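What follows is a short report on a single structure.
No value in this document is a laboratory result; all are computed from the given coordinates. No experiment lies behind these values; they were computed from the predicted model shown. Cβ atoms come from the backbone with ideal geometry, glycine included; neighbour counts cover every protein chain shown.
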Amino acid sequence: MKKALLIILPFLLLLPGMVFGHDIVAIMDAERPHYEQAMGGFLQVCSCSSKPVGGVKSVNPFTLHRLIISGMNDDQITSSVQAHRPDLIIAMGNRSLRAAAKIRNVPIIYLMVTNPAHIIAGHNNITGINFRLTASLQLESIHTHLQDLKRLGVIYDPRRTGKLIDQAQIAAPNYAMELLTHPIASRNEIPQLLHVMQKENLDGFWMIPDLTVLSPATIQEILLFSLENKIPLITFADKYLQQGAAVAITVNLSAMGIQAGKMALSILAGKPIATIPPQPAKRSLVNGNDLIIKKMGVNFKKTTPAGETQ
């Protein structure tokens, strides 16, 4: 039996599409719960052992090495990664991607990077899952969970989020929505705009991650506007629920990890990473502030539709 296995094994390794004996290094900025959520999704697809089993490398499908880089300089990170001779690198977080990008001869998949474009420019060995939901998926989530919201107000800086708003304007009719958009060049314009928006008969305020619009002071103004006028605030981060937002639409981190896992399998099976473009996150997670929702009389549907995970 052993002799037969030794004869057959080399032929199995040559079969196309089969993935054997790969070392994966996961670089993380720090130990954080949301990284673990994404890694949990990744491991659902790429079941890895935590350390080499020993013996012939090919009998162990995946070995995952975690590298927490807080307190390390770039040279130490590069040296530590290369010591594992990885077949694939997972970079989680901005600094992890910046450090990993110094390694040009290993495929890299990034997760939870806020602005990857400027880091990966000029690299043909990097792809990943973008840490932003598409405008269409956000509006689909609003339509599904908050069906009474038809007129949404939004403040944005065209230089920063103009593309997102353009995409949202195209998608809005698909969900029987109307966007009342207010472009600004400075956050000093916001108090006057909020006064104007009081008269627009809005069903909701869509707060997007625009650095021109958002500061600690303007966030408080927007929250106060929402509460005083009973216009539910839909935001992009759960932390604003504690401050008075009605609903937060965020990336489903476990689903993002699953996306990355499927991408990893394709790369390790031989698909050139240069042919795999970065993907948008495909699933959202919708959470509500029950107290605010009840106070505003908002009809909030907690069901889990296709494309989302509650």
### Task
For the stretch 229-280 and the stretch 209-228, compute the distance between their C-alpha centroids and round to whole Å.
23
### Query
Using Cα-only point scatterers and the Debye equation, what is log10 of I(q)/I(0) for the stretch 128-186 at each q in 0.14, 0.23, 0.27 Å⁻¹, rounded to two decimals?
-0.39, -0.94, -1.15
### Query
Cα axis of helix 33-45 to longest principal axis of the chain: angle in degrees, 0 to 90, nearest 10?
50
### In degrees, nearest ten, helix 135-145 long axis to first principal axis of the chain (Cα)
70
### Message
Quick check: net charge around HIS182, other residues with Cβ under 10 Å of its Cβ, Lys/Arg +1 and Asp/Glu -1?
### Response
-2
### Query
If Lys and Arg each add +1 and Asp and Glu each add -1, what is the summed charge of the other residues whose beta carbon sits under 14 Å from the beta carbon of GLY41?
+2
## Note on the structure
Highest mean packing first, using Cβ neighbours within 10 angstrom, the peptides 203-210, 294-301 sort as 203-210, 294-301
### Query
So for SER80, SER141, fewest C-beta neighbours within 10 Å to most, what's the order?
SER80, SER141
### Task
Could you grab the Rg to Rh ratio for the stretch 47-205? Cα atoms only, Kirkwood for Rh.
1.16
### Task
For the pairs LYS163/LYS295; LYS163/LYS230; LYS150/LYS262; LYS150/LYS282; LYS163/LYS294, note any where the Cα-Cα span goes beyond 31 Å.
LYS163/LYS295; LYS150/LYS262; LYS163/LYS294
### Query
Quick one: if you stick a label point 7 Å off each Cα along the C-beta vector at HIS123 and LYS295, how many nm between them?
4.4
### Query
Percent relative contact order of the chain, based on C-alpha pairs within less than 8 angstrom and at least six residues apart?
20
### Query
In whole Å, what are the Cα extents of the chain along the three principal axes, biggest one first?
81, 40, 32
### Message
As I understand it, the value is the acute angle between the Cα axis of helix 253-268 and the longest principal axis of the Cα atoms of the chain; what does it come to in degrees, rounded to 10?
### Response
40
#### Entry: Rounded to 5, the percent of DSSP beta bridges in the chain classed as antiparallel
10
